[in-house]
1. Tell me the GluC sites (Glu not before Pro) within segment A:1-36 that lie in a loop according to DSSP and have at most 16 other beta-carbon atoms within 10 Å.
2. Can you give the FRET efficiency to the nearest 0.05 for B:ASN51 and B:TYR10, using r as the Cβ-Cβ distance and R₀ = 25 Å?
3. Would you kindly derive the ³J(HN,Hα) couplings of segment B:11-16 from the backbone phi angles with the Karplus curve 6.51 cos²θ - 1.76 cosθ + 1.60 (θ = phi - 60°), listing them in order in whole Hz, with x for Gly and Pro?
4. In terms of modelled amide H atoms, which long-range or inter-chain residues lie less than 5 Å from the amide H of A:LEU46?
5. What is the distance in Å between the Cα centroid of segment B:1-33 and that of segment B:46-112?
6. Could you work out how much longer the chain between A:THR28 and A:GLU5 gets when fully extended? Use 0.36 nm per residue separation minus the Cα distance between them, nm to one decimal.
7. What list of ³J(HN,Hα) couplings, whole Hz, do you get for segment A:38-48 from phi and the Karplus terms 6.51, -1.76, 1.60, once you set θ to phi - 60° and write x for glycine and proline?
8. Applying 1/(1 + (r/R0)^6) with R0 = 25 Å to the Cβ-Cβ distance of B:ALA2 and A:LYS41, what FRET efficiency is obtained, to the nearest 0.05?
Amino acid sequence: ELKVEQNPLFLSMQEGKNYTIYCNYSTTSDRLYWYRQDPGKSLESLFVLLSNGAVKQEGRLMASLDTKARLSTLHITAAVHDLSATYFCAVEYNDMRFGAGTRLTVKP
Amino acid sequence: EAGVAQSPRYKIIEKRQSVAFWCNPISGHATLYWYQQILGQGPKLLIQFQNNGVVDDSQLPKDRFSAERLKGVDSTLKIQPAKLEDSAVYLCASSRSTDTQYFGPGTRLTVL
């Protein structure tokens, strides 16, 4: 059974700092997604990573995929308060499995 | 482009009652998904449709949950009878194929 593990589950960071969220998965997959969810809101697609070594960047967020290590990372550069949200990775195998989410709080 | 529409947005019922949720996907999106998101957890896929056929329903509790997408567009998800543990947000998403999924606003179900 496909398992998707994110860490950390909770992350509190200061504005201007850098940090990385990790997403490990248990079964070979070439398709990994990152989503953002604000409190009480639905999910917003951030990145779709389709191949080994894929790297995508949008603003202060950069996602990468290593299919051999079964690992994806979401790197936050110079965090700002607006990035406070819960971030989910999801892996597609026979179906779509989501991680538990990383609740990010960026403090001034 | 209009997004994924869901209704109702909120529903409160008592256990053992029945409830139905409706989803209208983005026009042209052949694939439709229903997810259950329990508070503090990631979404769990309940069922995936490709047009009006079921692709995956392995995590759907079939003794009480049912879903249909008769004309390959709108979909309904039903729970009958509801249990306390069904309290969650039910999210509908759609995609062109196995591409980026676009999520609706969700229906927040409270079972008392």
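Every number here is computed from the coordinates shown, using simple stated rules; none is lab data. Here the structure is a predicted model, which means the values were calculated and not measured. FYI the Cβ positions are ideal-geometry reconstructions off the backbone, even for glycines, and counts take in every protein chain you see.
1. Hits after loop and neighbour filter: A:GLU1, A:GLU15.
2. 0.25
3. Listing the rounded values in order: 8, 10, 9, 9, 4, 6 Hz.
4. A:TRP34, A:TYR35, A:ARG36
5. Cα centroid to Cα centroid, the span is 8 Å.
6. 6.9 nm
7. 8, x, x, 10, 8, 8, 10, 5, 9, 9, 10
8. 0.90
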